[in-house]
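The values are calculated or read from the model by the stated rules, or taken from the named source; none is laboratory data. These numbers come from a predicted model, not from an experiment. Backbone-built Cβ (ideal geometry, glycine too); neighbour counts: all protein chains shown.
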Amino acid sequence: MRDRATRVGFLILLLAVWEILILLHLWPTYIFPSPLSVGQSLWGGFSDGTFPIAIGVSLRRIAIGYGLSLVLGLLLGLLLGRVRLVDQALGGVVLGLQALPSICWLPLAILWFGLSETAILFVVVMGAVLSITLATADGVRNTPPIYIRAARTLGCGGSRLYRDVVLPAALPAILSGMKLGWSFAWRSLMAAELLYVSLGLGQLLSLGRELNDMSRVLAVMLVIVAIGLSVDRLIFRPAEERTRERWGLRSLA
């Protein structure tokens, strides 16, 4: 309750500071709208169905793109972490591409796939898969060797060794990579939707900019932030808490 009260109090303070800046008339309202104006844009967007449609489209895209990123990232990370030849051949390439901003893949995606859904999904996948791959590979490499030797002594090998020993030991690192990959995928999706006309939240941002409607722009930004926080609290945080509890780290959380 104390943590919740602190968060609510900070939000109230933030709104109060925002309203004070509006009353001081430091900037024109079309550049810096009031909280009431942004709230009206939020209400109007949900009332006329614009925001729900855009949220549904963006969530569908992120679900497909992030799902593909998880499958590819986990498989490639396992190979990099356990097969030395694959690590020597692809490890440097994956690490180098990770430094490339995901929006840089958009021109290539448009040239390959045109202005299409496939281009957007490609940018989302490339934005997330590399971080998941590297985190998985690091988690696999850092698996204590004694776990591997003990499992093999007990007759555990092949796919069962990965399922019952390697993956559970690497799970904390994998979860961190999944969380980081989600944030990259979400950002990549918004960037791609900004530059490509589509029925998503990114398009609403672009439309608000073109109409010089800063209230709508801030309202869409709040929706994007709310979705990101909701995914973290509903999916990643419970998974992290269960992992800490399993590893006996709950008291340190």
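Quick notes
- Boolean, residue 160 is in a helix (DSSP H, G or I), modelled with pLDDT of 75 or more, basic (Lys, Arg) and surrounded by fewer than 14 Cβ atoms within 10 Å (Cβ to Cβ): no
- Qualifying positions in the stretch 87-108 - more than 20 Å from the chain's Cα centre (by Cα) and buried (at least 16 other Cβ atoms within 10 Å of the Cβ): 87, 90, 91
- Contact annotation: residue pairs with Cβ atoms under 8 Å, 6 or more positions apart or on different chains, pairing a residue in the stretch 215-233 that is under 26 Å from residue 22 (Cβ atoms) with a partner that is outside any helix (DSSP H, G or I) and modelled with pLDDT under 90, are 215/33; 218/33.
- Leading residue by the ranking (surrounded by the fewest Cβ atoms within 10 Å (Cβ to Cβ)) among those in the stretch 48-84 that are within 12 Å of the chain's Cα centre (by Cα) and touching a residue at least 60 places away in the same chain (Cβ under 8 Å): 59
Condition check ((1) within 18 Å of residue 56 (Cβ to Cβ); (2) touching a strand residue (DSSP E or B) at 6+ places or on another chain (Cβ under 6 Å); (3) buried (at least 19 other Cβ atoms within 10 Å of the Cβ); (4) charged (D, E, K, R)) across all residues:
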| position | (1), (2), (3), (4) |
| --- | --- |
| 165 | no, no, yes, no |
| 168 | no, no, no, no |
| 181 | no, no, yes, no |
| 230 | yes, no, no, no |
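- Residue selection: residue 134 satisfies the criterion of being within 24 Å of residue 246 (Cα to Cα) and touching a residue at least 40 places away in the same chain (Cβ under 8 Å).
- In the stretch 117-160, residue farthest from residue 78 (Cα to Cα) [restricted to those that are touching a Leu at 6+ places or on another chain (Cβ under 8 Å) and hydroxyl-bearing (Ser, Thr, Tyr)]: 131
- Any hit, the stretch 167-182, residues being in a helix (DSSP H, G or I) and more than 19 Å from residue 240 (Cβ to Cβ): no
- None of 41, 34 is free of Cβ contacts under 8 Å to residues at least 60 places away in the same chain, among the hydroxyl-bearing types (Ser, Thr, Tyr) and farther than 30 Å from residue 125 by Cβ except 34.
- Out of 161, 195, 154, one residue alone is touching a residue at least 40 places away in the same chain (Cβ under 8 Å) and not basic (Lys, Arg). It is 195.
- Check on residue 197, modelled with pLDDT under 80, in contact with a Phe, Trp or Tyr (Cβ under 6 Å, 6 or more places away or on another chain) and not charged (D, E, K, R): no
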